[in-house]
Amino acid sequence: MRKLSVFSVLVAGPVVALTFLAAPGFSAELPTGASMADGKALFLENKCDKCHSVTSKGVEAAKPDKAVDLSTVSGDADFLAKFLKKEATKAVDGKDVKHKKKWGGSDEDLSAIIGWLKG
Ligand code: HEC
């Protein structure tokens, strides 16, 4: 019995203490804004990273020469939503262009992506 109680103090004690110490550290690593996490997931899910990198947020493009890096996106959120739905054009190199790919998902998902890009 004596051996068992030494075991509990030396091993079980620190394990219990570590569990308590680790708990707040773990929750601190969870994303604070749910929409920011969703925006990134949706960006990848919708294969925006096929053409675009977002280096400021650690996203690499599959084909980096295809399109601009989206680390600093100009234009307000409403305009960008319209642009991605091909309802608005943007001046690129002096020409009004529509986006290469028309957004086919929901408005909620699109604004989550835009919010994440601009956040
Ligand atoms: C087939 C390649 C391709 C894919 C896929 C793509 N884009 Fe683009 N995107 C472009 C190109 C090229 C431009 C530059 C304007 C143009 O020619 O359409 C652009 C421009 C943009 C711009 C404006 C950037 C600026 O600063 O002017 C935004 C924002 C954007 N894309 C977001 C997205 C999002 C979000 C997705 C995923 C839903 C996506 N793109 C998917 C090619 C792509």
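The values are calculated or read from the model by the stated rules, or taken from the named source; none is laboratory data. From a predicted model like this one, the values you see are computed outputs, not experimental measurements. Here Cβ is always computed from backbone atoms with ideal geometry, including for glycine, and neighbour counts include all displayed protein chains.
Miscellaneous remarks
- Residues of region 80-93 satisfying the condition of being outside any loop (DSSP other than H, G, I, E, B) and under 26 Å from Glu60 (Cβ atoms): Leu80, Ala81, Phe83, Leu84, Lys90, Val92
- Lys95 being assigned by TED's automatic domain parsing to the domain that holds Leu42, surrounded by 11 or more Cβ atoms within 10 Å (Cβ to Cβ) and of a type in the set (Lys, Arg): no
- Members of region 94-114 found to be assigned to a loop (DSSP other than H, G, I, E, B) and either of a type in the set (Phe, Trp, Tyr) or near the ligand (Cβ under 10 Å from one of its atoms) (or both), listed by number: Lys98, His99, Lys100, Lys101, Lys102, Trp103, Gly104, Gly105
- Odd one out for Lys50, checked against (1) farther than 20 Å from Asp38 by Cα; (2) within 7 Å of the ligand (Cβ to nearest atom); (3) surrounded by fewer than 16 Cβ atoms within 10 Å (Cβ to Cβ): (1)
- Selection count, region 70-96, where residues are under 14 Å from Lys118 (Cβ atoms) and either in contact with a Lys or Arg (Cβ under 9 Å, 6 or more places away or on another chain) or at pLDDT below 95 (or both): 12
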